[in-house]
Structures are given as C-alpha cells and as structure tokens.
Amino acid sequence: MAPDYNWALDFFGGREPRRDFLGLTNMVWVNGEYDPWHGGGIITNITSGTTAIMVKKAAHHYDLRLPNVNDTIQI
C-alpha cells in the first residue's frame, strides 16, 4: 500500500486556510520559531474566533534534541 501524503489536507482541510477554516471559533494554532514545519502552519489569525501564536526561540520537542552550545536559555 502506498502512503497517502494528502490524507491530512483532504480530511482536515488546510490547502486554502482562509476558506477551509472560515467557520472555526475558539481555535488556537501554536508554532515555534524553530519548528521546521512552521512555514506550512497557520501563522496569522484567520477569523476573529481563531488565534495564531508564534513562540520565539521555541520548537516542539526542543528538549529532546542533543545539547548544543547555541541552545536557548530555559526560563
């Protein structure tokens, strides 16, 4: 069986966020500045009932990466 790479977009929407998510309320999208996929995420508010948040110097699972001298300081 071949993977269906379009499944999530077909099932949840997102190809055209302003159209696909127009009816949403009370929805929050959170992306980290260092998330490799944030460029494909929702990074601006779509309606008055939705909020997009960009967290500076953050990434999902950032704490699971190997230590690096350039790591941000935990506060």
Relative contact order of the chain (C-alpha contacts under 8 Å, at least 6 apart) in percent is 26
Given a Förster distance of 22 Å, report the FRET efficiency between HIS61 and PHE12 from their Cβ-Cβ distance, rounded to the nearest 0.05.
0.55
Give me the Kirkwood hydrodynamic radius of the chain in Å, from all C-alpha pairs, to one decimal place?
14.5
If every alpha-carbon in the stretch 14-56 counts as one equal scatterer, what log10 I(q)/I(0) does Debye give at q = 0.14, 0.22, 0.33, 0.34 1/Å?
-0.30, -0.69, -1.18, -1.21
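Computed from the coordinates by the stated procedures, all read-outs in this text should not be read as laboratory data. This one's a predicted model, so the numbers in the text were calculated from it and none came from an experiment. Every residue, glycine as well, gets a Cβ built from its backbone with ideal geometry; the counts of neighbours run over all protein chains shown.
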